[in-house]
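Report on one structure; see the data block that follows.
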Amino acid sequence: MVFNETAAAYGLFQVVFAEMHEYLAAATYHLRRRNEQSLQYEKVHRQGFEKTLKQFRKQLCQLSDSGGVAEGIEALKKACDSMACLAQWRNERVHARVLRTEEGLELYAPLRDNPGKAQRLEMSKGFFEERIREAIKVTVTFQAAHLISQIRMKEEIDRLWASLPADPE
């Protein structure tokens, strides 16, 4: 295997995606804690990205009725849409079929409407850089949204992360 700029960009995307997930988990935790006082951060953090995103969207819908935060909620709803697209894009590559060719590694994913056939997935430095920028934009939206910025997110994420028990491995 060759470590090149494309591989490095893919790895960086994974790191940026993980940061985006941290902000989503912390925001979901805080919104859910309003009604679930005994909720533990670990439960939200470990449940997986798709479930956390679904819960966060649900919390946003409940806030829509409270007035005064409509602009921030709309920005966060758009960020959720971007997150869903990024997660789908990432999952296609994480769960792809890998074939080694003379040019290097190629990734293939089944076609949604015809699982018996596969499509080659884009794998280029520029393509990954676009997704990195999208994930950073989403994270910045979470940092800047009036609703979420009332919570000191960075410090809170560090505190919540420290509260997680060590993995048994």
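The values are calculated or read from the model by the stated rules, or taken from the named source; none is laboratory data. From a predicted model like this one, the values you see are computed outputs, not experimental measurements. Note that we place each Cβ from the backbone using ideal geometry, even for glycine, and neighbour counts take in every protein chain shown.
Only residues that are among the aromatic types (Phe, Trp, Tyr) and over 20 Å from the mean Cα position of the chain (by Cα) were counted across region 1-43, and they come to 1.
Condition first: small (Gly, Ala, Ser) and within 17 Å of residue 14 (Cα to Cα). Now tell me which residues in region 116-143 satisfy that. Full working, then the answer.
To start, the set of residues in region 116-143 that are small (Gly, Ala, Ser) comprises 116, 118, 124, 126, 135.
Within region 116-143, 124, 126, 135 meet the criteria.
Residues in region 1-52 that are under 30 Å from residue 102 (Cβ atoms), surrounded by 14 or more Cβ atoms within 10 Å (Cβ to Cβ) and β-branched (Val, Ile, Thr): 6 alone. Per the listing 67, 104, 72, the residue uniquely among the small types (Gly, Ala, Ser), at pLDDT below 85 and crowded, with 17+ Cβ neighbours inside 10 Å is 72.
Here's the yes/no breakdown for (1) farther than 27 Å from residue 166 by Cα; (2) at pLDDT below 85; (3) touching a His at 6+ places or on another chain (Cβ under 6 Å); (4) not aromatic (Phe, Trp, Tyr):
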residue: 15; (1), (2), (3), (4): no, no, no, yes
residue: 41; (1), (2), (3), (4): no, no, no, no
residue: 45; (1), (2), (3), (4): no, no, no, yes
residue: 52; (1), (2), (3), (4): no, no, no, yes
residue: 84; (1), (2), (3), (4): yes, no, no, yes
